[in-house]
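See structure below.
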Amino acid sequence: DLPLEVIFTSPTVEGLARRLAGGSTSGTSRLAPLQQRGTGRPVHCWPGLGGYPMNLRLLGERLGTDRPFFGVQAHGINPGETPYGTIREMATEDVKAIREVQPEGPYTLWGYSFGARVAFEAAYQLEAAGHTVDHVFLIAPGSPKVRTDGTTGEERVATYANRAYVTILLSVFTGTISGPLLEKCLA
C-alpha cells in the first residue's frame, strides 16, 4: 500500500525495506526527484497521460547536473486518491507542492504531452499570485480533438470502461491505436 513516489524517495533496497517495515511516510511528495544533483533552481516537469513521471527520468538525467529535475506525479494514482476534476485544480495543488521545495521563483516549468496543459496553468497561477516564471517549455503538447457530438456523458469520461480512453492511454505506451495489442487490451 505504499504510494508510487516511494520508488523515487527511497530508491534503494534498504530504503524500501524501511518503508515496508512501517518506517515514516513523512517526506513523501508527488514531486519525484528524477535528478537530484545540482545547486541551481529546480526544473519541475509534468508527465503525459497516465500521470507517472517515470518516463521523464532520462530527460532529467540528460538535463545535466547543474539543476535538480522533479517529475510532478498526478494526484489520483495512489490507492485512495481521487483524481482532480479539472486542470485548474491539478495545477493549484501542484503549485502548493512546488512552493514547498522552492518557495520563491523564478520557476522553470516543463510539461510533456497532457502535462503541458497543467504546466501552462501552473505558470498562469504562479504569475497571477505575483511570482516569476522564467520559462515554460511545452513538449509535444498536442492538440487532440475529441468528438463529442452523438456521444453520451459517460463516453466523454476518462475511465477504463471508456474504449476511447483506453485506446489513447495504450497509444501513449505503444505508439499505435490499432492492432492485436489494442484488441487484447480492450478485451
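The values are calculated or read from the model by the stated rules, or taken from the named source; none is laboratory data. Predicted model, so just to flag it, every value in this text is computed and none were measured. Reconstructed Cβ throughout: ideal geometry from the backbone, glycine too, with neighbour counts over all protein chains shown. Heavy atoms of the whole protein, side chains included, go into the accessibility calculation; ligands, DNA and RNA do not. Shrake-Rupley method; radii C 1.70, N 1.55, O 1.52, S 1.80 Å.
When the residues of segment 128-144 are filtered to those that are modelled with pLDDT of 95 or more and assigned to a loop (DSSP other than H, G, I, E, B), which remaining residue is least open to solvent (accessible area, probe 1.4 Å)?
Among them, the one singled out is H131.
Right, G15: in a helix (DSSP H, G or I), more than 23 Å from G111 (Cβ to Cβ) and of a type outside the set (S, T, Y) or not?
yes
Test of understanding: among R57, R99, R88, which residue is modelled with pLDDT of 95 or more and open to solvent by 60 Å² or more (accessible area, probe 1.4 Å)?
Only one candidate passes the filter, namely R99.
Name every residue in segment 163-187 that is among the hydroxyl-bearing types (S, T, Y) and either loosely packed, with under 14 Cβ neighbours inside 10 Å or modelled with pLDDT of 80 or more (or both), in order of residue number.
Those that are among the hydroxyl-bearing types (S, T, Y) and either loosely packed, with under 14 Cβ neighbours inside 10 Å or modelled with pLDDT of 80 or more (or both): T174, T176, S178.
Please state which of the following conditions G76 fails to meet, knowing it meets all the rest: (1) in contact with a Pro (Cβ under 7 Å, 6 or more places away or on another chain); (2) closer than 20 Å to Y165 by Cβ; (3) assigned to a helix (DSSP H, G or I).
The single condition G76 does not satisfy is (3).
Need pairs with beta-carbon distance below 6 Å; first residue without any contact (Cβ under 8 Å) to a residue 40 or more places away in the chain and within segment 57-73, second assigned to a helix (DSSP H, G or I) and of a type outside the set (D, E); sequence gap 6+ or separate chains.
Hits for this filter: F69/G60.
Identify the residue in segment 68-85 that is under 13 Å from L49 (Cα atoms) and out of contact with any Lys or Arg (no Cβ under 8 Å at 6 or more places or on another chain) and, among all such residues, is surrounded by the most Cβ atoms within 10 Å (Cβ to Cβ).
Within segment 68-85, the match that is surrounded by the most Cβ atoms within 10 Å (Cβ to Cβ) is I77.
Working only within segment 116-127, note down all residues that are open to solvent by less than 80 Å² (accessible area, probe 1.4 Å) and more than 17 Å from the chain's Cα centre (by Cα).
Scanning segment 116-127 gives Q125, L126.
Out of segment 103-115, which residues are open to solvent by 10 Å² or more (accessible area, probe 1.4 Å) and either closer than 15 Å to G71 by Cα or polar (S, T, N, Q) (or both)?
W110, Y112, S113, F114, listed by residue number.
Tell me yes or no: at least one residue of segment 14-34 is modelled with pLDDT under 85, over 22 Å from E127 (Cβ atoms), surrounded by fewer than 19 Cβ atoms within 10 Å (Cβ to Cβ) and touching an Asp or Glu at 6+ places or on another chain (Cβ under 9 Å).
There is at least one residue in segment 14-34 that is modelled with pLDDT under 85, over 22 Å from E127 (Cβ atoms), surrounded by fewer than 19 Cβ atoms within 10 Å (Cβ to Cβ) and touching an Asp or Glu at 6+ places or on another chain (Cβ under 9 Å).
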